[in-house]
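Read through the structure below, which is laid out as structure tokens, and then see the notes.
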Amino acid sequence: MNIKFLTENHVQFVFHYHLQFKEKWYDAVFFQGMLNGLSVLFELKTFSIRMTKTKLFGIHMAHKELGDEIQFGADSNEYEMEWNDDQLQLSRSRLTKDDITNRHRVMIASRTDAELEEISIVDVKDVVGKSRELAIENRDLEAAVEVLKSFKQELEKKQKSIAKDLKLAKNIQKGLIPEIIPDWNGIQFWTGFYPMQEVSGDYYDYFPLSSDRLGVSVCDVSGHGVPAAFITALSKLLFSNYKHPKPSDTFKNINRDLLDLVKQQGYTTCVYVLIHNDYKVVYSIAGHPRPILYRQKTKKAESLDGEGTFLGMFPDAGETYKDYSIQMEPGDKIFLYTDGVTEAENDQGEAFGEDRLIEEIQNVGELSIQDSIEKILAKPEFNEYKGKGDRALRSKDYKTAVKEFEKAYTILPRELETQLSFGRALAYSGQLDRAISLLETYNKFKTNHFLSHAVLGYCYYKQGNFEKAEIEWKKAHSINDSNLSILYNLAKVYEKLSDRKKMKDTIERMRRIESTYKHILPLEKKWASTLDG
């Protein structure tokens, strides 16, 4: 350490580290503390201490008080200390504050202020002892930091491994859970599946038992993650193995097999229904929320009867499984769900509850089964984002529309109206690949919407894929054969494909719909020039 007096009351301290020593951040803090102790020793009333340079390349965030303008990465550590003069006399003694027989050196400071003289005694042993304690604590802290760093590295490795396993389990479970339940014997199905984590304990499935019966199950496996996914896979296999005419018998067999395979290390709740071709529904319950039936005639919803214990936990559970039946009539709906719906909480910690669910089902009873499900599961934020997206789309602010629809789509990715609007916004904003992917998914669920095929044709046309553009625009035309803009687009495609006959036929169709349509004449001129060519 070198000390340089810049003035009588301004000192610079310069530290150079030997090559074998590496500077630590707490060294800077420690010496700053020593200088503060020096100020206390001399009882300075007005002083300032600041760091001006350091070999470090950054100071710990908790020690910003070292200085505002520090030069990092310097060749040495430098501090500056300034103070104002004071009438102070300092002497050294062998006395101590507590025991005059203890032969440790102390400093006696005397200050005269007006007519009052103050004397202070500072025991150097105390100062050195406290400084040593601080140094040891800081060294221990550094060791703890290094240990935590190694723990962090190990955790990161394990997290990567777990994330890889979860991704694999997610893909496996995605293959186990059907994307849709197809319509059967005049009955429509719709599902809302929103797992909390990569892998969910909730799942649903359907089982064609014969030409006159269809089985549907909704289950909730205990826990989350990979163990839940494992039991999900087992349950699916077991449901496929047992196709009894009574759901209660199916439960008895599955319970026995799960006990044998899982050894009471997990369980599942379930509701299993068998739908007959005469619309009689026979069901059984295994520790699961009871189905809710909406009657079209009365416009009322009610929770159905039924009880039974978990699958895979108790050897004698088979005695609790019973069969219940109802007769469905046109317009009736049955809602199967897990407690993820009824136990969902709002910001005030209030659960959604079964009574609220029944009320919501009655409110949406007149809607289609798809719209009913999506309205019940919609969050307030969804409606807000969708509303903003709709307004932006109408005003042709496609960038904002994409932003808002993406938020809504994240909440309800299978709400078809949002899917279509999001696809349109993506297409018109030039994000053609994303728009195509979304619209093709939409068309798997709903193939009879004129606009989805029209926009998808637009995307393919912009990409120069005229064959696919023709296919989509022909689909749109078959749904709405009086739409002149689609015929115009087809004519443009045939121009690109140099198909003069199809171009001529399309123009003639346009003329039959509206002979004064403004685009007919320019197209005819192009058709004629094509013939001349």
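The values are calculated or read from the model by the stated rules, or taken from the named source; none is laboratory data. Not measured: the values here are computed from a predicted model. As a convention, Cβ positions derive from the backbone with ideal geometry for all residues, glycine included, and neighbour counts pool all protein chains shown. What goes into the accessible areas is simple: the full protein's heavy atoms, side chains included, and nothing from ligands, DNA or RNA. Shrake-Rupley method; radii C 1.70, N 1.55, O 1.52, S 1.80 Å.
A few remarks follow.
- Extension reserve of the Arg391-Glu8 stretch, reckoned as 0.36 nm per residue once the Cα distance is removed: 130.6 nm
- Taking a Cβ cut-off of under 14 Å around Arg295, the surrounding Lys, Arg, Asp and Glu residues balance to a net charge of 0, with basic ones at +1 and acidic ones at -1.
- Mean sequence separation of contacting Cα pairs (under 8 Å, at least six apart), scaled by the length of the range 382-514, corresponds to a relative contact order of 14 percent.
- Accessible surface calculations at 1.4 Å, restricted to protein heavy atoms, place the range 392-533 at 53 Å² per residue.
- When a 1.4 Å probe is rolled over the protein heavy atoms, the share of accessible surface on the range 431-513 that falls to carbon and sulfur comes to 45 percent.
- The range 295-374 shape via C-alpha gyration tensor axes, a/c threshold 1.5: oblate
- What the range 140-195 shows is 78 Å² of accessible area per residue, with the surface traced by a 1.4 Å probe over protein heavy atoms.
- The distance separating the Cα centre of the range 205-279 from that of the range 452-482 comes to 43 Å.
- Diagonalising the gyration tensor over the Cα atoms of the range 353-501 and scaling each eigenvalue by 5 before taking the square root yields semi-axes of 34, 17, 11 Å, largest first.
- Summing charges over neighbours of Lys158, with a neighbour being any other residue whose Cβ is under 14 Å away from its Cβ, gives +1 when K and R count +1 and D and E count -1.
- Computed lengthening from Lys164 to Ile479, 0.36 nm per intervening residue step minus Cα-Cα distance: 108.9 nm
- Here the accessible area is traced with a 1.4 Å probe on the protein chains. For the range 255-310, carbon and sulfur cover 45 percent of it.
- Shape call, the range 259-306: gyration tensor on alpha carbons, a/c limit 1.5: oblate
- Nitroxide proxy distance, nm - points 7 Å out along Cα→Cβ at Phe30 and Asp75: 2.5
- Surface accessible to a 1.4 Å probe, Ile369 within the full protein complex, Å²: 30
- Loop trypsin sites (Lys or Arg not before Pro), the range 297-370 (other Cβ atoms within 10 Å of the site Cβ: 13 or fewer; DSSP): Lys297, Lys299
- Surface calculation, 1.4 Å probe, protein heavy atoms: Asp183 sits at approximately 100 Å² accessible.
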